[in-house]
Amino acid sequence: MSYIPNETRYECLPYRRCGNSGLMLPALSLGLWHNFGNITPFETQQQILRTAFDNGITHFDLANNYGPPYGEAERNFGIHMERDWRPFRDELVISTKAGYDMWPGPYGNWGSRKYLISSLDQSLRRMHLDYVDIFYHHRPDPDTPLEETMGALAHIVRSGRALYVGISNYSAEQTAAAASMLRQMGVPLLIHQPRYNMLDRWIENGLTDVLRKEKVGCIVFSPLAGGRLTGKYRSGIPADSRIAKDPRYLRQDMLDARLSFATDCLQKIADSREETLSQLALQWVLRDPVITSALIGASRPQQIIENIAALQKPALTADEISQIETILQNASQEVSI
Ligand SMILES: NC(=O)c1ccc[n+]([C@@H]2O[C@H](COP(=O)([O-])OP(=O)(O)OC[C@H]3O[C@@H](n4cnc5c(N)ncnc54)[C@H](OP(=O)(O)O)[C@@H]3O)[C@@H](O)[C@H]2O)c1
């Protein structure tokens, strides 16, 4: 049956301006890293995407190597595109990336002009798209001159393959250099995509200052630490969880004493606000306006509904933010990991 989206979808969550650009992004965006390869049934994928859009999530984030296997998430997205999304292309912001190993040999990895342009052409073919809204360099390349990588991004925009460009996993210093170079090339840096959650706060040590100064947007990935900040691992490993299903990136040994201490204490704050730990974790990453969007993953539609509801609840108070700060400091300093 053809898909008819929820008519009230634009009343479900706020949209935030991405840096000083004209582009607004939903406060929650959906990533297709896990759950869109060959492990997840196609019907489940379809329900996740439809639930997201029905609830106002207009931004889907991909990369050349999302799967498994590599390329499969984009390939599946191309089928979803034909079945559901073609009529809504102009209501969607679709991103992809290149920067990690994708194909054998010296041209399928890192940050050369050769790799970025050919990878994006492959991505467009897999996704059945003429252009992506945002194309990212996925990680800094220590060997390719930054001028070459940024020059490739600028070329990609001028050639019409992408409307905007971003970088991911770049340090504060690398970001400042990239932003300045792109500005000189007449193609502003739209956005940075770093990891950020209660367990990994590296962006607070310089990167957010650079983004504020340069007026670049910020979409933070893994705001739930891959599921560790949902409370689902507090009493074991559920059979349908990421650690049980696909432990390549999230492993049992990442459930440590620091996490148990933090989630036990944080759960009490969530309870006092009559919300879930996942909702608290999402409100926390979005507390600073420099963060444009929190980029979540979901293995089932219900998770999206729960996560979106976080944005309909009152913002964290200064007192709650300070209590969370104390918990996170105690977790990192007083608990041996
Ligand atoms: N640029 C980069 O280098 C980079 C790196 C990593 C990710 N990303 C992007 O960020 C996106 C999100 O990453 P992520 O998946 O690690 O994000 P995440 O939101 O921290 O974790 C998502 C996982 O948590 C679980 N979950 C989500 N909501 C839940 C809820 N309400 N209750 C219980 N469990 C819940 C689900 O896992 P289970 O149900 O399977 O346990 C879900 O797949 C990726 O898809 C990708 O687009 C980018």
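Sorted from longest to shortest, the spans of the Cα atoms of segment 61-214 along the three principal axes equal 43, 35, 30 Å.
Relative to the 2.2 N^0.38 Å rule of thumb, segment 196-241 has a C-alpha radius of gyration ratio of 1.55. For segment 196-295, the equivalent ellipsoid derived from the alpha-carbon gyration tensor has semi-axes of 26, 16, 11 Å in decreasing order.
Given the options S180, S272, S168, state which has the largest fluctuation in a GNM of the chain using a 10 Å cut-off (strictly under) for Cα springs. Comparing S180, S272, S168 in the GNM, the peak value goes to S272.
One Cα centroid belongs to segment 213-249, the other to segment 85-104; the line between them spans 21 Å. Rounded to whole Å, the principal axis extents of the Cα atoms in segment 175-218 read 37, 14, 13, largest first.
Let's see if you can work this out: charge +1 on each Lys and Arg Cβ, -1 on each Asp and Glu Cβ, no other charges. What is the dipole magnitude of segment 1-66 about its Cα centre, in debye to the nearest 20?
200 debye
Kirkwood hydrodynamic radius for segment 131-285: how many Å is it when counted over pairs of different Cα atoms?
17.5 Å is the Kirkwood radius here.
Does anything in segment 39-54 have its amide N under 14 Å from the 7 Å Cα→Cβ label point of I79, and if so which residues? Within reach of a label on I79: 39-47. With both residues required to sit in the chain, DSSP beta bridges show an antiparallel share near 15%.
Relative to the Cα centre, the charge distribution of the chain, modelled as +1 at Lys and Arg Cβ and -1 at Asp and Glu Cβ, gives a dipole magnitude of about 440 debye.
Placing +1 on the Cβ of every Lys and Arg and -1 on the Cβ of every Asp and Glu, with no other charges, gives segment 210-292 a dipole of roughly 260 debye about its Cα centre. Classify segment 249-337 as rounded, prolate or oblate, taking a ≥ b ≥ c as the square roots of the eigenvalues of its Cα gyration tensor: rounded when a/c is under 1.5, otherwise prolate if a/b is larger than b/c and oblate if not. The shape class here is oblate.
Between T44 and C265, full extension at 0.36 nm per residue minus the direct alpha carbon distance yields a gain of 76.2 nm. Among S2, S95, S278, the order by Cβ neighbours within 10 angstrom, fewest to most, reads S2, S278, S95. DSSP beta bridges confined to segment 146-280 are antiparallel in about 10 percent of cases. What residue among N38, S159, Y196 has its Cα farthest toward the positive end of the dipole of the chain, where the charges are +1 on Lys, Arg and -1 on Asp, Glu, each on the Cβ? Checking the options against the dipole of the chain, the answer is S159. Could you count how many Lys pairs in the chain have their Cα atoms under 18 Å apart, skipping same-chain pairs fewer than 8 positions apart? Lysine pairs satisfying the spacing and distance rule in the chain number 4. Helices meeting the span-like rule in the chain (full DSSP H runs, Cα extent of at least 20 Å along the helix axis, mean Kyte-Doolittle score of -0.5 or higher): 257-272.
Overall, the ratio between the Cα radius of gyration of segment 61-144 and 2.2 N^0.38 Å, rounded to two decimals, is 1.08.
Measuring max minus min along each principal axis, the C-alpha atoms of the chain give extents of 52, 50, 39 Å (largest first).
Every number in this text was worked out from the coordinates using simple rules, so none of it is lab data. For clarity, every value in this text was computed on a predicted model and none was experimentally measured. Neighbour counts are summed over all protein chains in view; Cβ atoms, including those assigned to glycine, are modelled from backbone coordinates with ideal geometry.
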